[in-house]
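Student: Below you'll find the structure I mean.
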Amino acid sequence: MADSLPTPKPAPRFEDLRAILRYVPQFRQRIFVIAIDGALMGQNGFASLLQDVAVLQSLNIEVVLVFGVRAQMRTLAGSRGVSLSNDDGMGRTDPATLDVAIEAVTRQASSLMAELSALELPVVIASALSVHPAGVIDGIDQENTGRIERVDADSLRALLKADIIPILPPLGYDGRGATLRLNSDAVATEVAIALGATKVIFVSEAGLTQPDGRRMAQISVAEARELAKRRDTGLDINLLSKLRYAAVACAEGVPRVHLVDGTQDEALLSELFSNEGVGTMVHADDYQQIRRARSSDIAPLLSMMQQSVEDAALVPRTREQIQARIKDFFVLETDGNPIGCVAVHLHEGGPSGRMAELACLCVRRSHKGMGYGRKLVAFAEETARQKGCTQLLALSTQAPLFFQEKLGFQTSQPEAIPANRRQAYEQSGRNSRILIKALA
Ligand SMILES: CC(C)(COP(=O)(O)OP(=O)(O)OC[C@H]1O[C@@H](n2cnc3c(N)ncnc32)[C@H](O)[C@@H]1OP(=O)(O)O)[C@@H](O)C(=O)NCCC(=O)NCCS
């Protein structure tokens, strides 16, 4: 009988490799704080997650690791018959719970050290946090729960400069010799802020999804804060904590925080090295922007539009035709890559006031169905409004329902098209649907 070999993975295409390598100079010598949930440790994919960490380190990304122990504490407490006063370091930690936490941390730190050393990664368990007891919160003495007062950023930086990965457990020590339990999300956040990290990546057992199961690919700080406060989302408390700390980190200057489902194969690298990602990115800066097109955008835009032109969804345009009206074209980019475009042409003398025409709306195939089309149309509406237009016209062969159902356009007749545009419409023979939206 023939040996059954695992199916080989398809070789990466050069196009993919180019896209990946684009990130490398951006990330070099940047600090990434990676917080791994305890629940992932010991699971099947955990070894490959650590290999991904090794890849980051090999690309000269400075990695700090933080780990949680909630799952291990639950297991240990069960086997010891201890009832935990709290398992995530956010509530009261009584002496028995602290004892369980210390054992869980010791075991986890030891197995992490062993696995990372096997990958020949230099690592050290770092004690870089000054902590105090959390004190009394809402009338409850938090006992052995701690609050982070200060991060010894200099000693962590010294380790990073020496290519050593610091590992921070969710425990801290105060000046009086007491051990205090910390929440690992809080540790990751405080460390990232103190080090001026470029990213915090929370790797947990699940990703952030909408009620219908669709991934939330990007959310703003305000949205993260809002979601973390709501109690009707059905999201796991673990994810709510990450959202809360993501908002804190971004508000304090960490540009991006990622929430990644660590049970997915290669999730960490896919999130960091692909434009669309696989997890959720919470962003502080203007990660996405719509800006006026430049001459240098024409080639990527033509290649993005090619398929839609072949499908007759878009009118063919030459480089020269776009260049001649470049001021009307806008590009939606994420992380500096164009992923969509729209043009807004002004027409004088529409039958019911000044009219703008939305044209050349296109979203890159890999990014469809993520709200970018609607975003571009909303942008075109606002642009037209600012130019004093009262109506927005769109001529579409294949997406009239998109304009009608998703964006409130109404179908109309050729007479609604301004006279100077109507002739070209009639001569084109495309028989596009005429869609108009009144701009309030
Ligand atoms: C039309 C287009 C711009 C939509 O972009 P997008 O980023 O996928 O759109 P969004 O993510 O904002 O919206 C997706 C929603 O619109 C719907 N939709 C997308 N294209 C549609 C179409 N051609 N007809 C009807 N509905 C459509 C999707 O089903 C989805 O619905 P849901 O939210 O209920 O699941 C994009 O598909 C495209 O580039 N098409 C080719 C070019 C084209 O036809 N341009 C319009 C000519 S001006």
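Read the figures in this text as sums done on the coordinates, not as results from a lab. Given the structure is predicted, the values throughout are model-derived calculations rather than measurements. Ideal geometry is used to build each Cβ from the backbone, glycine not excepted, and the neighbour counts take in all protein chains shown.
Student: Can you list the HN-Hα couplings for region 165-178, worked out from phi with the Karplus curve (6.51, -1.76, 1.60; θ = phi - 60°), rounded to whole Hz and with x for Gly and Pro?
Tutor: Values, residue by residue: 8, x, 10, 10, x, x, 9, x, 10, 8, x, 9, x, 8 Hz.
Student: A further question follows. Which pairs in the list K368/K406; K327/K387; K161/K199; K387/K437; K375/K437; K242/K368 are over 24 Å apart, alpha-carbon to alpha-carbon? Display every interim value, and only then the final one.
Tutor: Details: K368/K406 14 Å; K327/K387 14 Å; K161/K199 18 Å; K387/K437 15 Å; K375/K437 15 Å; K242/K368 28 Å.
Result: K242/K368 exceed 24 Å.
Student: Oh, and also: Given the DSSP H assignment, sum -39500 (n - 2.57) over each helix run of at least 4 residues in the chain and divide by its residue total; what's the result at 222 nm in deg cm²/dmol, nearest 500?
Tutor: Working: 14 runs with 157 residues, N = 440.
Value at 222 nm, helices only, nearest 500: -11000 deg cm²/dmol.
Student: So what's the chain giving for Cα Rg divided by 2.2 N^0.38 Å, two decimals?
Tutor: Working: Rg = 26.8 Å, N = 440, 2.2 N^0.38 = 22.2 Å.
Dividing the Cα radius of gyration by 2.2 N^0.38 Å gives 1.21.
Student: What residues have an amide H closer than 5 Å to that of G45, excluding those fewer than 5 places away on the same chain, when H is modeled at 1.01 Å from N in the peptide plane?
Tutor: Residues meeting the amide H criterion: none.
Student: Using alpha carbon centroids, what distance separates region 373-416 and region 172-198, in Å?
Tutor: Using only Cα atoms to place each centre, the spacing works out to 51 Å.
Student: Show me the helices of the chain, taken as full DSSP H stretches, that run 27 Å or more along their long axis by Cα and average -1.0 or above in Kyte-Doolittle hydropathy. Walk me through the numbers before you get to the answer.
Tutor: Numbers: long enough: 95-118 (35 Å, 0.55).
Sorted by number, the helices that extend far enough and score high enough are 95-118.
Student: Find how many whole Å separate the alpha carbon centroid of region 279-349 from the alpha carbon centroid of region 136-170.
Tutor: So the separation of the two Cα centres works out to 46 Å.
Student: I've got another one for you. Could you check the spin-label model distance between R422 and A222? Points 7 Å from the Cα along Cα→Cβ, value in nm.
Tutor: Going from the R422 label point to the A222 one covers 4.3 nm.
Student: Turning to a different aspect of this structure: At 0.36 nm per residue, minus the direct Cα-Cα distance, what do A54 and A299 gain on full extension? Give it in nm, one decimal, please.
Tutor: That works out to 84.5 nm of additional length.
Student: Starting from the amide H of R317, placed 1.01 Å from N in the peptide plane, find each other amide H under 5 Å away whose residue is 5 or more places distant or on another chain.
Tutor: Those lying under 5 Å, H to H, from R317: there are none.
Student: State the answer as a single residue: which of I61, Q264, G196 lies farthest towards the positive end of the charge dipole of region 14-283, with beta carbon charges of +1 for Lys and Arg and -1 for Asp and Glu, about the Cα centre.
Tutor: Toward the positive end, the furthest listed residue is G196.
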